[in-house]
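First up is the structure itself, then whatever we jot down about it.
The values are calculated or read from the model by the stated rules, or taken from the named source; none is laboratory data. Keep in mind the model is a prediction, meaning the values are calculated, not measured. Reconstructed Cβ throughout: ideal geometry from the backbone, glycine too, with neighbour counts over all protein chains shown.
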């Protein structure tokens, strides 16, 4: 009887522990490792250029194509890992005129280059593939290809593959640590439709089978999930933005029926560029231009080809994520997804566990857009308003080497962390220099969290190790504890890592005091009876102030006012 009870208790404990582990996704598969780890079969070669050719077949929802990969040999080896997810399949691999052997392991294909390769060599292989592409039912979150129709019944097709991976629709080295230096994308589609991708349109070719081929070229490094394919009954208009690096070509592709309202609504693009070039520095892809492309889903940050599906409404599908009113001053998709051109496309994380670098800074870019046009009080109110969306479920930084992102708190907890840091810095020009410096120092670079943390700490000349550990690696929100005894205030940080500290301004009796609390008690002597203590909501923390007693005059004044 006791044994049965013990077994039941063990089973219950195992179930509870399993639920907790699954909630945090700490159990990973073989495919997770192959996708997220820089394997031996990836490490020996550096991708230089992709020449991707895709034929879109709406009738059976398939893609047929090939990708010619130019790569440089870093270390002598011959087995190459290429990622292509089921149900897509590789049908042939060629090097020059020779067929190469290959084998499949889940979503990974191992190609035997078939010859002795020496470091420094530059070689090419061409991978032919086809298949029925995974259909996205809730893009961009579940990822894949959206097969839709416009109001006139025309096919309306788009890819969105962040998270699920570019290898859902084309063969590549599907890891953000290695980007091609340049890329060419050719989309072949029915000739009554138009194909749009990244970079600049080089040519349009009419084929004999009632299709057209649209050749696009990107001359900047590009991350895999930033590559996109869009097919629809598009019409085009354009403008030139006079920016920090000269004239920037801005091109817009929208459904035919939406042309008139798009010409009005897309004025947010010029406003965005003006604000973000002020804060972040020049748009990072002048050579490839800026593009906004209408799609049948909400939108995504595809490099130089930002996709848009916010229904020509301000806010997030017409709602204000902050519940303050400030979120209705701009089109969320135009501002947020374009912000990724600086954080995500220019500065790209090495491992998806560090995705906060993309999403935290870009969510904070919404704040900076508002700051530029409406002032710091409005922008702070907006960011503070988004705190109701923070869950504090798991840490912002995910698990490395298994393609595992951290908590969705990377968006608005990340933004509030940055608002707090800017408030602690207290110098807007210094803060602006930091943001511009990040985009200059890491221009077209792949980065780690540690590199970003070190750069910020050095640029600001601040010890931020505990600060970043607290907000990126724990789910605890620091609490400022203050105990008043007469005219003295004892204070410290609680509910935090041991080395957490950050400068703050404490307002006592309407006078501001600059202090740097730590986890150890410190004392502030204000030489007056303490009647009131205030802490700006810009600091993302809780507070516990005790011992404050109103003086007789203060109580009398309060009673009179009431």
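Observations
- On inspection, residue 61 fails the criterion of being in contact with a helix residue (DSSP H, G or I) (Cβ under 7 Å, 6 or more places away or on another chain), surrounded by fewer than 18 Cβ atoms within 10 Å (Cβ to Cβ) and under 24 Å from residue 293 (Cβ atoms).
- Meets criteria (more than 30 Å from residue 136 (Cβ to Cβ), outside the structural domain of residue 136 (by TED's automatic domain parsing) and either surrounded by 15 or more Cβ atoms within 10 Å (Cβ to Cβ) or modelled with pLDDT under 95 (or both)) for residue 13: yes
- Here the stretch 539-550 is the region considered, the condition is being out of contact with any helix residue (DSSP H, G or I) (no Cβ under 8 Å at 6 or more places or on another chain), surrounded by 14 or more Cβ atoms within 10 Å (Cβ to Cβ) and not in a strand (DSSP E or B), and the residue that is modelled with the highest pLDDT is 547.
- Restricting the stretch 90-103 to residues that are touching a residue at least 24 places away in the same chain (Cβ under 8 Å) and either surrounded by 15 or more Cβ atoms within 10 Å (Cβ to Cβ) or not assigned by TED's automatic domain parsing to the domain that holds residue 189 (or both), the residue that is farthest from residue 122 (Cα to Cα): 90
- If you check 23, 76 for being surrounded by 11 or more Cβ atoms within 10 Å (Cβ to Cβ) and either over 24 Å from residue 170 (Cβ atoms) or at pLDDT 85 or above (or both), only one passes: 76.
- Scanning the stretch 385-395 for residues that are buried (at least 16 other Cβ atoms within 10 Å of the Cβ) and out of contact with any helix residue (DSSP H, G or I) (no Cβ under 7 Å at 6 or more places or on another chain) yields a single hit, 385.
- Residue 69 being touching a residue at least 40 places away in the same chain (Cβ under 8 Å), crowded, with 16+ Cβ neighbours inside 10 Å and under 23 Å from residue 180 (Cα atoms): yes
- Flag for residue 445 being within 19 Å of residue 339 (Cβ to Cβ), assigned by TED's automatic domain parsing to the domain that holds residue 340 and touching a strand residue (DSSP E or B) at 6+ places or on another chain (Cβ under 8 Å): yes
- In this entry, residue 475 is excluded by the filter for residues that are out of contact with any helix residue (DSSP H, G or I) (no Cβ under 9 Å at 6 or more places or on another chain) and closer than 24 Å to residue 395 by Cβ.
- Inclusion of residue 85 among residues that are modelled with pLDDT of 95 or more, more than 26 Å from residue 188 (Cβ to Cβ) and assigned by TED's automatic domain parsing to the domain that holds residue 154 is not warranted.
- Among the candidates 308, 316, 253, 290, residue that is surrounded by fewer than 22 Cβ atoms within 10 Å (Cβ to Cβ) and free of Cβ contacts under 8 Å to residues at least 60 places away in the same chain: 316
- Among the conditions (1) outside any strand (DSSP E or B); (2) within 26 Å of residue 225 (Cα to Cα), residue 114 misses just one, which is (2).
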